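*Asks:* First the structure, then my questions, so here it is.
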């Protein structure tokens, strides 16, 4: 059997750990097994708290990283148990690619660095994951790109190109995780692959929904759909310098934080919560649409992945704002929306193991192609 790779991903939404076991022996990746495990409330709260400066951060971060790896190891065990029913054993798995949990992403913060580079920080303990699973682990994918002057994100466009790329048209792929990011995939030989973070994805919508309904997300976007748009609030949210920056660019909770949201919402406290949710959804859609319209020439389709693909109201707003494109989720291209990012980190692990570049300088702005990640042998 061909060497297989496991990919683990916990994104900005902080909802849990997703994992896939992937066979890359053909051009179209084949997911052999998929598993996920939600974070407990305490771990989710701690990961969210560690995204803002606080006391005793280093100790808390180390313990949170260990807890994160414990969840990762459970997901790996689920994947292997599912794969065993198909005649696949642990010995077939070449490596695990694990992203960890981003708690700081400051690729442009150069003031504290004598080398003139910023930094990105993901909570993880890949040595412990190798110990718990008995499988080689590849981790810390973003740091090398940042060291080479890049944004360190998004890294998924290279995987999107290898998986979804078309020979006859430019394909657009939008990942709607906690943060939204776009991949622009031209036919081979016609131009560089491009990509950047559009802005918030689910993060702010989820936070507002949790605060006012007790639910971790707005299922299907039904709550947002029950509200009315607040045009002045939408304009206030869009009045953020990040949106005017040209690519390469990336962002995260460092900018689009709960504190940022509270400051933006302060003048609108009298409005109904469902109206604010409607406007936050429109904000996510508008930020994505603004990024997409510049690149939709020669394209007929927008493929959406990530948890936001299940927000039917958000998908309708994207389609309304992009009438020349067919907006659909990634399942019609062979990968369900919640498996794409985990599969991307399995692919990145494969690249690292085979000493092949994982970044695209045209996306991140790095000085060139780089082999990403560090290998922790079992």
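The values are calculated or read from the model by the stated rules, or taken from the named source; none is laboratory data. What you are looking at is a predicted structure, and each value in this text was computed from that prediction instead of being measured. Here the Cβ is made from the backbone with ideal geometry for all residues, glycine too, and neighbour counts use every protein chain on show.
*Asks:* Can you tell me which residue in the range 1-31 is modelled with the highest pLDDT, limited to those that are surrounded by fewer than 19 Cβ atoms within 10 Å (Cβ to Cβ) and in a loop (DSSP other than H, G, I, E, B)?
*Replies:* Of everything passing the filter in the range 1-31, 25 is modelled with the highest pLDDT.
*Asks:* Follow-up. Check 189, 227, 214, 201 and return the single one that is assigned by TED's automatic domain parsing to the domain that holds residue 262, under 12 Å from residue 281 (Cα atoms) and over 13 Å from the mean Cα position of the chain (by Cα).
*Replies:* When all the criteria are applied, what remains is 227.
*Asks:* Turning to a different aspect of this structure: Among the residues of the range 284-312 satisfying the criterion of being in contact with a helix residue (DSSP H, G or I) (Cβ under 6 Å, 6 or more places away or on another chain) and surrounded by fewer than 22 Cβ atoms within 10 Å (Cβ to Cβ), which is nearest to residue 212 (Cα to Cα)?
*Replies:* 312
*Asks:* Name the residue, out of 62, 67, 34, that is buried (at least 16 other Cβ atoms within 10 Å of the Cβ) and part of a helix (DSSP H, G or I).
*Replies:* Working: 62 fails: buried (at least 16 other Cβ atoms within 10 Å of the Cβ); 34 fails: part of a helix (DSSP H, G or I).
When all the criteria are applied, what remains is 67.
*Asks:* Which of (1) loosely packed, with under 15 Cβ neighbours inside 10 Å; (2) touching a residue at least 24 places away in the same chain (Cβ under 8 Å) does residue 269 not meet, given it meets every other one?
*Replies:* (2)
*Asks:* Further question: Residues to consider are 77, 83, 95; find the one that is surrounded by fewer than 20 Cβ atoms within 10 Å (Cβ to Cβ), over 20 Å from the mean Cα position of the chain (by Cα), at pLDDT 90 or above and in the same structural domain as residue 358 (by TED's automatic domain parsing). Spell out the reasoning first.
*Replies:* Details: 83 fails: surrounded by fewer than 20 Cβ atoms within 10 Å (Cβ to Cβ); 95 fails: surrounded by fewer than 20 Cβ atoms within 10 Å (Cβ to Cβ).
It is 77.
*Asks:* Condition test on residue 243, is it in contact with a strand residue (DSSP E or B) (Cβ under 8 Å, 6 or more places away or on another chain) and not in a loop (DSSP other than H, G, I, E, B)? Walk me through how you get there before you give the answer.
*Replies:* Numbers: in contact with a strand residue (DSSP E or B) (Cβ under 8 Å, 6 or more places away or on another chain): yes; not in a loop (DSSP other than H, G, I, E, B): yes.
Yes, satisfied.
*Asks:* Might you check whether a residue that is part of a loop (DSSP other than H, G, I, E, B), surrounded by fewer than 17 Cβ atoms within 10 Å (Cβ to Cβ) and at pLDDT below 95 occurs anywhere in the range 115-128?
*Replies:* yes
*Asks:* Please state which one of 139, 148, 158 is surrounded by fewer than 21 Cβ atoms within 10 Å (Cβ to Cβ) and in contact with a helix residue (DSSP H, G or I) (Cβ under 9 Å, 6 or more places away or on another chain).
*Replies:* Only one candidate passes the filter, namely 148.
*Asks:* Now, a different point. Run down 374, 367, 342 and say which single residue is surrounded by 15 or more Cβ atoms within 10 Å (Cβ to Cβ), more than 23 Å from residue 283 (Cα to Cα) and in contact (Cβ under 8 Å) with a residue 12 or more places away in the chain.
*Replies:* Step by step, each of 374, 367, 342 is checked, and only 342 is surrounded by 15 or more Cβ atoms within 10 Å (Cβ to Cβ), more than 23 Å from residue 283 (Cα to Cα) and in contact (Cβ under 8 Å) with a residue 12 or more places away in the chain.
*Asks:* Mind checking which pairs have a first residue in the range 286-308 that is under 12 Å from residue 181 (Cα atoms) and a second that is modelled with pLDDT under 95 and in a loop (DSSP other than H, G, I, E, B), Cβ under 8 Å, 6 or more apart or different chains?
*Replies:* The qualifying pairs are 306/11.
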